[in-house]
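**Student:** Dumping the structure here so I can ask a few things about it.
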Amino acid sequence: MKVSQLFTKTTKTLPADEVSKNAQLLIQAGYVYKVMAGVYAYTPLGLKVVENIKQIVREEMNAIGGQELIMSSLQKRSTWEETGRWDDEVVDIWFKSKLKDGTDVGFGWSHEEAIIEMMKQYISSYKDLPVYVYQFQTKLRNELRAKSGIMRGREFIMKDMYSMSLDAEQHDTFYDGCIDAYKRVYDRLGIGKDTYVTFASGGAFTQFSHEFQTVCDAGEDIIYLHREKNLAVNEEVLDDDNLAKLGIKREELEQVKSAEVGNIFNFGIQKSQDTKFEFTNETGERQNVYLGSYGIGITRVMGVIVEKFADERGLVWPKEVAPAIVYLARLGNAPEVVAAADELYKELTEKNVTVLYDDRDVRPGEKFADADLIGIPYRVVISDKTVQAGTLEVKARTAESAEHISSTELMQRLGA
Ligand code: ATP
Ligand code: MG
């Protein structure tokens, strides 16, 4: 990637009509374009970040047996009527429309009912279970308020996984394994140490659902942390009964603001009873499928990462998420400088180190400011001086000052 070829431009001025820090910075640095409140387009830089987040999630979901698919965005009314969730009184975030012949359709805000309907076609016997499927899908929700930038979109990307299991044991094993997989996901995303498994309402079967809440001032939720036990309780289930069940006391808890970056639900067989989702067991009897539903807000996570790591100079991306690892700033157009920079660009690329190469004819100060705003983990400068000295000027995005090292040493640091 060459900066001269990016159609996006960085801006020094804050975008008008955008109140959230994450969207302001992402717009200024050229990662997102605001279409309207709660609706954003992702530019090539933004898409790289989204794809990096998805890839981490994909690898961890595959590792626990998930199979990727993609459901449809258009939803049938009948699919959702069965459980009563077509009703706007029950679900107040539906976007709905009509086909030309007047048939009602809805835009998927979730795919729980849809996946059950689809999987009924494929699952009939105990031999067909378990099945774990997931997708990355644009969800549409007519949210009342959209003031948190990409952390609360009216259109946003979610990873949703669904588990279908034979019995309680198989189901619980997967559910617990998924909690561990989620922990690995948030660790790799760089927010693991501030992300807490949080007891919340909504588990049909277990009375709790598990949220993954990241401590964050820009978050819209309030949770109560138990730092010693490394867990938290959502406001909505904070009462003496629940605390007793969890073996914790109110005075041990610390109230913090947080953002829900994931939520998993253990439905047991309740949802499959509601929808008559059954299979035939080994002795020929009909049994209900055990169901679980597991979400991660892909674009919300991106917003949370921005909020948590950005500094006064701009974005700061963790390595696994960054759109490139190296920002290569070439200062000046002297032939030997151009040759050295082109050569390093080629070498890094060949070694699979992603590079954003600032090959523009602009002042050094502008390149440094953009390197910081765009938030790439390492800035490498090649100039007359570095060429003469036979070294490279390298600065980590979060470091105070630069160092002069050889290209061999740079490769070592980058693990290339
Ligand atoms: P919230 O309480 O924040 O409205 P939710 O409980 O309705 O979220 P779920 O249906 O559990 O959300 O969706 C799974 C995940 O999708 C959430 O944990 C969150 O990370 C993400 N998510 C939900 N709503 C949005 C949104 N409007 N914009 C971006 N991400 C979202
Ligand atoms: Mg939720």
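FYI, it's all coordinate maths here, none of it is from the lab. Owing to the predicted nature of the structure, the values given are computational and were not obtained by experimental measurement. We place every Cβ from the backbone using ideal geometry, glycine too, and count neighbours over all the protein chains shown.
**Student:** Please compute P(r) over all alpha-carbon pairs of the stretch 77-222, binned at 5 Å starting from zero, and give each bin as a whole-number percent.
**Tutor:** Going from the shortest bin to the longest, the percentages are 2, 7, 12, 17, 21, 17, 12, 7, 3, 1, 0.
**Student:** What FRET efficiency would be calculated for the residue pair GLN67, ALA334, taking the C-beta separation as r and a Förster radius of 60 Å, to the nearest 0.05?
**Tutor:** Once rounded, the FRET efficiency stands at 0.65.
**Student:** What are the ³J(HN,Hα) couplings of the stretch 292-300, residue after residue, when phi is run through the Karplus curve with 6.51, -1.76, 1.60 and θ = phi - 60°? Round to Hz, x for glycine and proline.
**Tutor:** 3J(HN,Hα) across the stretch 292-300, in whole Hz: x, 9, 9, x, 9, x, 4, 6, 5.
**Student:** Right, here's the next one. Among residues other than GLU155 whose Cβ falls under 9 Å from its Cβ, what is the net charge (Lys/Arg +1, Asp/Glu -1)?
**Tutor:** Values: positive: LYS139, ARG141, ARG154; negative: none.
Local net charge: +3.
**Student:** Label-point separation (nm) for LYS245 and GLU400, each offset 7 Å from Cα along Cα-to-Cβ?
**Tutor:** About 5.1 nm, to one decimal.
**Student:** Now for a separate question. Taking only C-alpha pairs under 8 Å that are 6+ residues apart, what is the relative contact order of the chain in percent?
**Tutor:** The normalised contact order for the chain reaches 16 percent.
**Student:** Restricted to Cα positions, what overall size does the stretch 190-270 have along the principal axes? Three whole-Å values, descending.
**Tutor:** 36, 27, 19
**Student:** In addition: Starting from the Cα of LEU238, step 7 Å along the direction of its Cβ; do the same at ASP217; then give the gap between the two resulting points in nm.
**Tutor:** Once both label points are built, they end up 2.0 nm from each other.
**Student:** Assuming R0 = 51 Å, can you tell me the calculated FRET efficiency for the pair ASP92 and LYS12, based on Cβ-Cβ distance, to the nearest 0.05?
**Tutor:** 0.80
**Student:** Which links in LYS9/LYS147; LYS9/LYS48; LYS229/LYS319 stretch past 22 Å when you go from one Cα to the other?
**Tutor:** In this structure, LYS9/LYS147; LYS229/LYS319 exceed 22 Å between Cα atoms.
**Student:** Further question on the same structure: Between TYR33 and ASP342, what is the label-to-label distance in nm when each label sits 7 Å out along the Cα-to-Cβ direction?
**Tutor:** With each label placed 7 Å out from Cα toward Cβ, I get 3.2 nm.
**Student:** Calculate the FRET efficiency for LYS385 and GLU254 from the Cβ-Cβ distance with a Förster distance of 45 Å, rounded to the nearest 0.05.
**Tutor:** For LYS385 and GLU254, the calculated efficiency is 0.35.
**Student:** Put +1 on the Cβ of every Lys and Arg and -1 on every Asp and Glu Cβ in the chain; which of LEU356, TRP317, VAL387 then has its Cα farthest towards the positive end of the dipole?
**Tutor:** Among LEU356, TRP317, VAL387, the one farthest towards the positive end of the dipole of the chain is VAL387.
**Student:** On to the next question. Could you pull the Rg and Dmax for the stretch 276-416, using just the Cα atoms, both in Å?
**Tutor:** Taking only Cα atoms of the stretch 276-416, I get Rg and Dmax of 23.1, 81 Å.
**Student:** Counting other beta carbons within 10 Å of each Cβ, put PHE7, PHE212 in order, fewest first.
**Tutor:** Ranking PHE7, PHE212 by Cβ neighbours within 10 Å, fewest first, gives PHE7, PHE212.
**Student:** On to the next question. Please sort by residue number the GluC sites (Glu not before Pro) in the stretch 222-257 whose DSSP state is loop and whose Cβ has at most 10 other Cβ atoms within 10 Å.
**Tutor:** Values: sites: GLU228, GLU235, GLU236, GLU251, GLU252, GLU254; in loops: GLU228.
In loop regions of the stretch 222-257 (DSSP not H, G, I, E or B), the sparsely surrounded GluC sites (Glu not before Pro) are GLU228.
**Student:** Given the pairs LYS21/LYS249; LYS139/LYS351; LYS193/LYS395; LYS34/LYS159, which are separated by over 27 angstrom at their Cα positions? The partial results should precede the final answer.
**Tutor:** Details: LYS21/LYS249 35 Å; LYS139/LYS351 37 Å; LYS193/LYS395 25 Å; LYS34/LYS159 22 Å.
Flagged as over cut-off: LYS21/LYS249; LYS139/LYS351.
**Student:** Going 7 Å from the Cα of LYS147 toward and past its Cβ, which residues in the stretch 14-44 have a backbone nitrogen under 17 Å from where you end up?
**Tutor:** 16-24, 37-39
**Student:** Which of ALA339, ALA396, ALA16 moves the most in a Gaussian network model of the chain with Cα springs under 10 Å?
**Tutor:** ALA16
**Student:** Once you have the Cα-Cα distance between ALA168 and ARG360, take 0.36 nm times their residue separation minus that, and quote the gain in nm to one decimal.
**Tutor:** Full extension from ALA168 to ARG360 adds 63.1 nm.
**Student:** Once you list every other residue whose beta carbon is under 11 Å from the beta carbon of THR299, what net charge do they have if Lys and Arg are +1 and Asp and Glu are -1? Display every interim value, and only then the final one.
**Tutor:** On the way: positive: LYS54, LYS139, ARG152, LYS159, ARG300; negative: GLU155.
Net charge around THR299: +4.
**Student:** In terms of the ratio Rg/(2.2 N^0.38 Å) built on C-alpha atoms, what value belongs to the stretch 3-309?
**Tutor:** So the stretch 3-309 has a normalised radius of gyration of 1.05.
**Student:** Test of understanding: ordering VAL337, VAL289 by Cβ neighbours within 10 Å, fewest first, what list do you get?
**Tutor:** Ordered from fewest to most neighbouring Cβ atoms within 10 Å, VAL337, VAL289 come out as VAL337, VAL289.
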